[in-house]
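J.: Pasting a structure below so you can have a look.
The values are calculated or read from the model by the stated rules, or taken from the named source; none is laboratory data. Just so we're clear, the structure is a prediction, and the values are computed from it rather than from any experiment. Ideal geometry is used to build each Cβ from the backbone, glycine not excepted, and the neighbour counts take in all protein chains shown. Please note that ligands, DNA and RNA were not included when accessible areas were found on the heavy atoms of the full protein model with its side chains. Shrake-Rupley method; radii C 1.70, N 1.55, O 1.52, S 1.80 Å.
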Amino acid sequence: MSGTADILRDLESLIGALDALLRTSTAREAPNIARELGVEAQLNSGVDAVGGALDGMDGGLAALGRQLVQVDAVLAGFETFADGARPVADGRVFNAVTDYLEIPGRPLDPLARGLALGQRYLDAGLKLADLVPEPGAIAANRLALGRLAESLKELKAAA
C-alpha cells in the first residue's frame, strides 16, 4: 500500500520526467515542425492550455501546502499533549496521589482506565497522522511543476 508521501514522491518523479522529456532536442524541434506545417497557432494554443492546467495544479498544491502547515502544527500539539498525558493515563499519578493520601482500595482506577483508553485512541490517531505528508513534499512538487511550466513555455512557436 502506498502512502501519501509515496504518491507525492512519485508525482515529483513524473513531473521531473516530463520536464526532462520537454528538454530533449527532439521536443525542442516542436516549434520548427509547427512552423513548417503552418500550425504555430495550434501548438501555442496547446502549450497555453497545458500551461493553464499546470497553473491550476500549482494553485491546488499551494492550497494543500498551506493546509498541511496548519495540520502539522495541530499534530505537534497533539503529540506534545500525548507525551504529557502518558504519566496520567497509565495511572502512575493517581497511584501516587492515593498512596500519598493513604487512600485504600485505589478508588481512582476506573478514571485511570478511562484515561488509558483515551491515550490509546490518541496514540492510534497519531500513528494514522504519519500518513499525512510533510509540507516540504508539496514545496518540492511545486518547484518541479514550475520547472516543467518553464520548459513547456520554451516550446511555443514564435508568432
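J.: Would you calculate the separation in nanometres between label points at R66 and S45, each defined as 7 Å from the Cα along the Cα-to-beta-carbon direction?
T.: Reported label-point gap for R66 and S45 is 3.4 nm.
J.: Length gain on complete extension for the stretch A27 to E150, per 0.36 nm per residue less the alpha carbon to alpha carbon distance?
T.: Value of the extension gain: 42.9 nm.
J.: Which value, in debye to the nearest 20, gives the size of the charge dipole of the chain about its Cα centre, when Lys and Arg are +1 and Asp and Glu are -1 at the Cβ?
T.: Charge dipole, the chain, about its Cα centre: 60 debye, nearest 20.
J.: Still on this structure, please answer the following. Per-residue HN-Hα couplings for region 127-142, Karplus 6.51 cos²θ - 1.76 cosθ + 1.60 at θ = phi - 60°, whole Hz, x for Gly and Pro?
T.: Result, ordered by residue: 5, 5, 5, 5, 7, 6, x, 6, x, x, 5, 5, 4, 5, 5, 5 Hz.
J.: What's the longest bit of the chain with no exposed GluC sites (Glu not before Pro), using DSSP loop states and at most 14 other Cβ atoms within 10 Å as the test?
T.: That would be 30-101.
J.: Which value, in Å², gives the accessible area per residue of region 72-159 when a 1.4 Å probe is used on the protein heavy atoms?
T.: It amounts to 65 Å² per residue over region 72-159.
J.: Considering only protein heavy atoms and a probe of 1.4 Å, how much of the accessible area of the chain is carbon and sulfur, as a whole percent?
T.: 64
J.: Just to confirm a number: summing +1 for Lys and Arg and -1 for Asp and Glu over residues other than G91 whose beta-carbon lies under 14 angstrom from that of G91, what do you get?
T.: Result for the neighbourhood of G91: +2.
J.: Another question, if that's okay. Which log10 I(q)/I(0) values does the chain give at q = 0.08, 0.10, 0.11, 0.13 Å⁻¹ under the Debye formula, counting every alpha carbon as one identical point scatterer?
T.: Scattering profile of the chain, log10 relative to I(0): -0.47, -0.59, -0.65, -0.76.
J.: Given the Cα-Cα distance of L117 and A96 and 0.36 nm per residue of separation, how much length would full extension add, in nm?
T.: Contour length minus the Cα-Cα distance gives 5.6 nm.
J.: I would also like to ask the following. Report, to the nearest 10°, how far helix 40-89 tilts away from the longest principal axis of the Cα atoms in the chain, using its own Cα long axis and a range of 0 to 90°.
T.: Compared with the principal axis, the helix lies near 10 degrees.
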